[in-house]
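The values are calculated or read from the model by the stated rules, or taken from the named source; none is laboratory data. Worth saying up front: this structure is predicted, and the values here are computed from it rather than measured. A quick note on method: Cβ atoms are made from the backbone with ideal geometry, for glycine too, and the neighbour counts reach across all protein chains shown.
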Amino acid sequence: MKLPIICPSCDHTLNVSQMTCPSCATQVNGDYELPTLLKLNREEQEFVLNFFLSSGSIKEMAKQAELSYPTMRNKMDDLIERVKKLQN
């Protein structure tokens, strides 16, 4: 099951309120904000993961996605702006 990150009623980012250990069933309850990277949608998270797996090479990512370097650079710039907004 995928972790929901957006409220289906009002489109705001959800917080985590409970976590359970799968080993011993210990439960932790509270109101915790999601880390910034988890606030990204699936596509954005995959982009960050691909960037990491390509050793931070936008050129390599562009090659693998069969896109031009400027197109991939623009995608990166858009994601950087999105992350900045999420951190504020």
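Numbers for the structure displayed
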{"item": "Of all residues making up the range 60-76, the number that are of a type in the set (Asp, Glu) and either touching a Gly at 6+ places or on another chain (Cβ under 6 Å) or exposed (fewer than 11 other Cβ atoms within 10 Å of the Cβ) (or both)", "result": "1"}
{"item": "Any hit, the range 28-43, residues being surrounded by fewer than 14 Cβ atoms within 10 Å (Cβ to Cβ), hydroxyl-bearing (Ser, Thr, Tyr), in contact (Cβ under 8 Å) with a residue 24 or more places away in the chain and touching a helix residue (DSSP H, G or I) at 6+ places or on another chain (Cβ under 7 Å)", "result": "yes"}
{"item": "Of all residues making up the range 40-66, the number that are under 23 Å from Pro4 (Cβ atoms) and in contact with a Lys or Arg (Cβ under 9 Å, 6 or more places away or on another chain)", "result": "4"}
{"item": "Unmet criterion (only one of (1) of a type outside the set (Asp, Glu); (2) in contact (Cβ under 8 Å) with a residue 12 or more places away in the chain; (3) surrounded by 12 or more Cβ atoms within 10 Å (Cβ to Cβ)) for Ser57", "result": "(2)"}
{"item": "Counted residues, the range 11-64 - those being of a type outside the set (D, E, K, R) and within 17 Å of Leu86 (Cα to Cα)", "result": "16"}
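This table checks each residue for (1) of a type outside the set (A, V, I, L, M, F, W, C); (2) closer than 19 Å to Leu38 by Cβ; (3) modelled with pLDDT of 95 or more.
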residue: Phe52; (1), (2), (3): no, yes, yes
residue: Ser57; (1), (2), (3): yes, no, yes
residue: Ala65; (1), (2), (3): no, no, no
residue: Pro70; (1), (2), (3): yes, no, yes
residue: Asn74; (1), (2), (3): yes, no, yes
residue: Asp77; (1), (2), (3): yes, no, yes
residue: Glu81; (1), (2), (3): yes, yes, yes
residue: Leu86; (1), (2), (3): no, yes, no
